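A.B. asks: A single structure is presented below for examination.
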Amino acid sequence: MGTYSSIAINAIKARYNSDDIILEALFTMRYGTVMQCPKCNEEVKYRRIAERKSYGCSNYECRNQIYPMKGTIFEGTKTSLVTWIDIMIDLSKTYTSTLEIAGRYLLTYKTAWNICRKIRLAKGSLLDEILSGVVEIDETFLGGKKKLEVDKGKGEHRGKGIGDKDIVFGMLQRKKRLRLFSIEHKNSETMEPLIDKHIRTGTTIHRDGNASYGDLESKGYKPKLVKGKSSKTFLRGTHNNNIEAAWSRLKKKIEGTYVWVSSKHLQGYLDEYCFYYKTKKSMESLRDIIDKLMIANIKIPS
Ligand SMILES: [Zn+2]
């Protein structure tokens, strides 16, 4: 969770205090002050077009226009960009529900929900680093009221209905970053590709006896089996204590704030949690975080 000073927050609010200034900053961050025009290929300046959210090529014969909000979280919005920045700050400070955001900024629930969702997507898009060093892997179950149906022969989760728990697979690089994935099944078809994609070969992986991780050694990883919570294993450093602590914090957050999180949208909340984890560990400034979110390229899932 971010612990940003009111000085840092006020500095951002003072810097981004009008929609025109935010649009200008967005344009400059994406394209620079002088650029090669994609249409006429001249080295030109682009100037703001009055009454529009676009910038035009200063070459009179070209007059190409660029809309800096296109492809970002702001694309198509009718909400003030100042409000967007305020919401980004709110969501960086603490977990805030969509209902609270809607009330605070006098937005419809649907608008507030869309803004929060796009900010989460932007956070997810900034989580692409590969994990290395010492990584702890584990799974947990989230939410739900009904007990899991477990096929004892295979140890697999037998599909998920309303009220069932969600399965989350996690990979945590100590003191650095965390990746969490909402998965349908606790099997090797699901988990092996996630390990391959997100953990660098040669990494030491602390794992329990779950067979679904596959043969990590043959893939070039250095697996260490976590045996339990005895003080001996803790001293040797072979333990999954960090990811277990992350599970308990995540459960408190999600089950406390997002009681209504549906399985469909769980991944967005998991990404948001991983983003908090990363920015907290990296001590990144709030200003840098907001700027990165502003220019993040997002793809809206259908
Ligand atoms: Zn041009």
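A.B. asks: I need the phi-derived Karplus couplings for segment 237-254: 6.51 cos²θ - 1.76 cosθ + 1.60, θ = phi - 60°, integer Hz, Gly and Pro marked x.
C.D. replies: Using θ = phi - 60°, the values come out as x, 8, 7, 10, 4, 5, 6, 5, 5, 5, 4, 5, 5, 4, 4, 4, 5, 5 Hz.
A.B. asks: In addition: Which residues' amide hydrogens lie under 5 Å from the amide hydrogen of residue 134, considering only partners 5 or more residues apart or on another chain, with H built in the peptide plane?
C.D. replies: Answer set, sorted by chain and number: 174.
A.B. asks: Which of 271, 86 comes first, and how do the rest follow, when ranked by fewest Cβ neighbours within 10 Å?
C.D. replies: Ordered by Cβ neighbours within 10 Å, fewest first: 86, 271.
A.B. asks: Could you work out the helix-only [θ] at 222 nm for the chain, with each DSSP H run of four or more residues adding -39,500 (n - 2.57) and the total divided by the number of residues, to the nearest 500 deg cm²/dmol?
C.D. replies: Taken over the chain, the calculation gives -13000 deg cm²/dmol.
A.B. asks: Still on this structure, I have one more. Just going by the charge dipole of the chain, with Lys and Arg at +1 and Asp and Glu at -1 on Cβ, which of 5, 237, 68 is farthest out on the positive end?
C.D. replies: Sorting the options by dipole projection puts first 237.
A.B. asks: Any chance you could get the radius of gyration and Dmax over the Cα atoms of the chain, in Å?
C.D. replies: Rg then Dmax for the chain, in Å: 22.6, 75.
A.B. asks: Could you give the length gained on full extension between residue 189 and residue 40, defined as 0.36 nm per residue of separation minus the Cα-Cα distance, in nm?
C.D. replies: 48.7 nm
A.B. asks: Taking the Cα centre as origin and putting +1 on Lys and Arg beta-carbons and -1 on Asp and Glu beta-carbons, what dipole magnitude results for the chain, to the nearest 20 debye?
C.D. replies: Taking the Cα centre of the chain as origin, the dipole is about 660 debye.
A.B. asks: Shifting gears a bit: Using alpha-carbon positions, what is the distance between the centroids of segment 1-30 and segment 61-83, in Å?
C.D. replies: Taking the Cα centre of segment 61-83 as reference, the centre of segment 1-30 is 17 Å away.
A.B. asks: Please determine, in degrees from 0 to 90 and to the nearest 10, the orientation of helix 188-198 with respect to the longest principal axis defined by the Cα atoms of the chain, where the helix direction is its Cα long axis.
C.D. replies: 50
A.B. asks: Can you run phi through the Karplus equation (6.51, -1.76, 1.60; θ = phi - 60°) for segment 13-24 and list ³J(HN,Hα) in whole Hz, with x for Gly and Pro?
C.D. replies: Karplus values, whole Hz, x for Gly and Pro: 4, 6, 6, 10, 9, 8, 4, 5, 5, 5, 5, 4.
A.B. asks: While we're looking at this one, here's another question. Got a sec to turn the phi values of segment 273-288 into Karplus ³J(HN,Hα) couplings, 6.51 cos²θ - 1.76 cosθ + 1.60 with θ = phi - 60°, whole Hz, x for Gly and Pro?
C.D. replies: Residue by residue, segment 273-288 yields 5, 5, 5, 4, 4, 5, 5, 5, 5, 8, 6, 5, 6, 4, 4, 4 Hz.
A.B. asks: Another question about this same structure. Long-range amide H contacts for residue 224: which residues qualify at under 5 Å (H placed 1.01 Å from N, peptide plane, sequence gap of 5 or more or a different chain)?
C.D. replies: Result for residue 224 returns 205, 206, 207.
Every read-out reported here was derived from the displayed coordinates using simple, explicitly stated rules and does not represent laboratory data. Please read all numbers here as calculations on a predicted model, not as lab measurements. Because the Cβ atoms are built from the backbone with ideal geometry, glycine has one as well, and the counts that use them run over all protein chains shown.
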